[in-house]
1. Between Arg31 and Lys56, what is 0.36 nm times their sequence separation minus the Cα-Cα distance? Round to one decimal in nm.
2. If a/c stays under 1.5 just call it rounded; otherwise compare a/b with b/c (prolate if a/b is bigger, oblate if not). Do that for the chain, with a ≥ b ≥ c from the square roots of the Cα gyration tensor eigenvalues.
3. With each run of n ≥ 4 DSSP H residues scored as -39500 (n - 2.57), what mean residue ellipticity at 222 nm is computed for the chain after dividing by its residue count and rounding to the nearest 500 deg cm²/dmol?
4. With a cut-off of 8 Å between alpha carbons and a minimum separation of six or more residues, what is the relative contact order of the range 11-77 in percent?
5. If I take R0 = 22 Å and measure r between the Cβ atoms of Glu40 and Asp3 in this structure, what FRET efficiency does the formula 1/(1 + (r/R0)^6) give, to the nearest 0.05?
6. If you place +1 on the Cβ of every Lys and Arg and -1 on the Cβ of every Asp and Glu, how big does the dipole about the Cα centre of the chain come out, in debye to the nearest 20?
7. Got a sec to turn the phi values of the range 18-24 into Karplus ³J(HN,Hα) couplings, 6.51 cos²θ - 1.76 cosθ + 1.60 with θ = phi - 60°, whole Hz, x for Gly and Pro?
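Here, each number is a calculation from the coordinates, and none is a lab measurement. It should be emphasised that the depicted structure is a prediction, and the values quoted were computed from it without experimental measurement. Backbone-built Cβ (ideal geometry, glycine too); neighbour counts: all protein chains shown.
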Amino acid sequence: MPDSPWSIGDAVALIARPRYLKSADPMPMLRPPDLVDPSELGEVVGLKALDQVAVKFRRGTFLFDAADLEAADLQAGST
């Protein structure tokens, strides 16, 4: 995906808590949003069609629109 602002391995954070999470499994499922803390940092593990990004968090890997993510401040997350 050459148009994506993200690359695999980038550290990202959510801009806002979504209403639900969509798992990045071969057969995606909707999950409750409280599985990802608002301050939690994730790692981009896949770039999908339609500007979707697969991000791995502590409790699973989920799909997000690229516009719903921001670059993570690694100094803030390492404390």
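1. Taking 0.36 nm per residue and subtracting the Cα distance, the gain is 7.6 nm.
2. Numbers: a/c = 1.70, a/b = 1.09, b/c = 1.56.
Oblate, because a/c is 1.5 or more while a/b does not exceed b/c.
3. Details: 1 runs with 4 residues, N = 79.
My calculation for the chain gives -500 deg cm²/dmol from helical runs alone.
4. Working: 118 pairs, mean separation 24.8, N = 67.
For the range 11-77, the relative contact order is 37 percent.
5. On the way: r = 26 Å, r/R0 = 1.20.
For Glu40 and Asp3, the calculated efficiency is 0.25.
6. Details: 8 positive and 12 negative charges, 71 e Å.
That gives a dipole near 340 debye.
7. x, 6, 7, 10, 10, 5, 9
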